[in-house]
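Read the structure below first, then the notes.
The values are calculated or read from the model by the stated rules, or taken from the named source; none is laboratory data. This one's a predicted model, so the numbers in the text were calculated from it and none came from an experiment. With ideal geometry, Cβ positions are generated from the backbone for all residues, glycine too; neighbour counts draw on all protein chains shown. In case anyone asks, the SASA skips ligands and DNA or RNA and just uses the protein heavy atoms, side chains included. Shrake-Rupley method; radii C 1.70, N 1.55, O 1.52, S 1.80 Å.
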Amino acid sequence: MQIRLLVVEDEQPIREMLKMVLSYQNMIIIEAETGNAALEILKTEPVDLMLLDWMLPDISGIEIAKRIKSNSNLSKIPVIMLTAKGEEDDKIRGLECGADDYVTKPFSPKELTARIKAVLRRVNPSKDDKEISFENIRLDPKSHAVTVSDQNVKLGPLEFKLLHFFLTHQNKVYSREQLLDNVWGTNVFVEERTVDVHIRRLRKAISVNGADQFIKTIRGAGYIFAS
Ligand code: CA
């Protein structure tokens, strides 16, 4: 599964460096220059991990970490604090506010990558990277590849997550709200009809040999994935 990593850092050279280093790690990098920009992104985009700079021009990294960890929709997102401060006290403060790890600048790309992987393993030890198949659909979480009847299908990140969710949760009706909770993870800010938009896109994308028929609309209830 491709990791969606939100980098919150006001210094552009550091963002560029992180992007370069982490793009080799099968990660999608989402950038935010300020705390407010990061909070906006979290309202609408799925994020698997955050690299959070301590010193930001608007809201401090500590404050953002606190807000994330006290928000039930976001609290599961692992946070790695990034900072120039190397004091032991700061480290403790950082971890007390809910951060999952702490990396001091300047850091080596190798160290940072190792810390990211360790946090992801800790947070999600059972993340299954095995290929999933159902009828004529195949989804490979590792390479992010989807094929229908052996034809490559290009999906947006949310459509990919939706399909992954359906493939791993078959034969059960999910309401739009439940889909938002499970796929977007930030249900409060996204309208329920957003689900319909992405379902429509997903159906269209996989409509090879009738694979779109597996996603069924249950009037007044939601959606079910079944053959
Ligand atoms: Ca900074």
**Message:** Filter LYS76/LYS161; LYS117/LYS154; LYS19/LYS130; LYS43/LYS117; LYS117/LYS142 down to the pairs with a C-alpha to C-alpha distance above 19 Å, please.
**Reply:** LYS117/LYS154; LYS19/LYS130; LYS43/LYS117
**Request:** Would you work out what percent of the accessible area of region 132-225, with all protein chains in place, is carbon or sulfur (probe 1.4 Å)?
**Result:** 44
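Treat region 3-122 as a sphere of radius equal to its Kirkwood radius over Cα pairs and apply Stokes-Einstein at 20 °C in a medium of 1.002 mPa s; give the translational diffusion coefficient in µm²/s, rounded to a whole number. It would help to have the intermediate numbers written out before the result.
Values: Rh = 14.0 Å.
Using the Kirkwood radius from Cα pairs, D works out to 153 µm²/s.
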**Prompt:** For region 181-227 and region 131-178, what is the separation of their Cα centres, given in Å?
**Reply:** 11
**Message:** What is the sum of charges, Lys and Arg at +1 and Asp and Glu at -1, for the other residues whose Cβ falls under 12 Å from the Cβ of GLU191?
**Reply:** 0
**Message:** Highest mean first, how do 207-213, 75-81 rank when packing is the count of other Cβ atoms within 10 Å averaged over residues?
**Reply:** 75-81, 207-213
**Asked** Which sequence of LYS117, LYS19 reflects their accessible areas, 1.4 Å probe, from the largest down?
**Response** LYS117, LYS19
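Under a 1.4 angstrom probe, counting protein chains only, how are GLU159, GLU191, GLU96 ranked by accessible area, largest first? Please list the in-between numbers first.
Details: GLU159 10, GLU191 105, GLU96 145 Å².
So, going from the largest accessible area down, we get GLU96, GLU191, GLU159.
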**Asked** In angstroms, what radius of gyration and Dmax does the chain have, counting Cα atoms only?
**Response** 18.9, 60
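Round to a whole number: what % of the accessible area of region 3-122 belongs to carbon and sulfur, probe 1.4 Å? Provide the component values of the computation, followed by the final result.
Numbers: 2930 of 5680 Å².
Of the solvent-accessible surface of region 3-122, carbon and sulfur hold 52 percent.
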**Item:** Structure-based [θ]222 nm, the chain - -39500 (n - 2.57) summed over DSSP H runs of at least 4, per residue, nearest 500
**Value:** -11000 deg cm²/dmol
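Please work out the average accessible area per residue across the chain, using the 1.4 Å probe convention, and give it in Å². Write out the running numbers ahead of the final one.
On the way: 11570 Å² over 227 residues.
Solvent-accessible surface per residue comes out at 51 Å².
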**Item:** Over region 119-218: Rg over Rh, Cα atoms, Kirkwood Rh
**Value:** 0.96
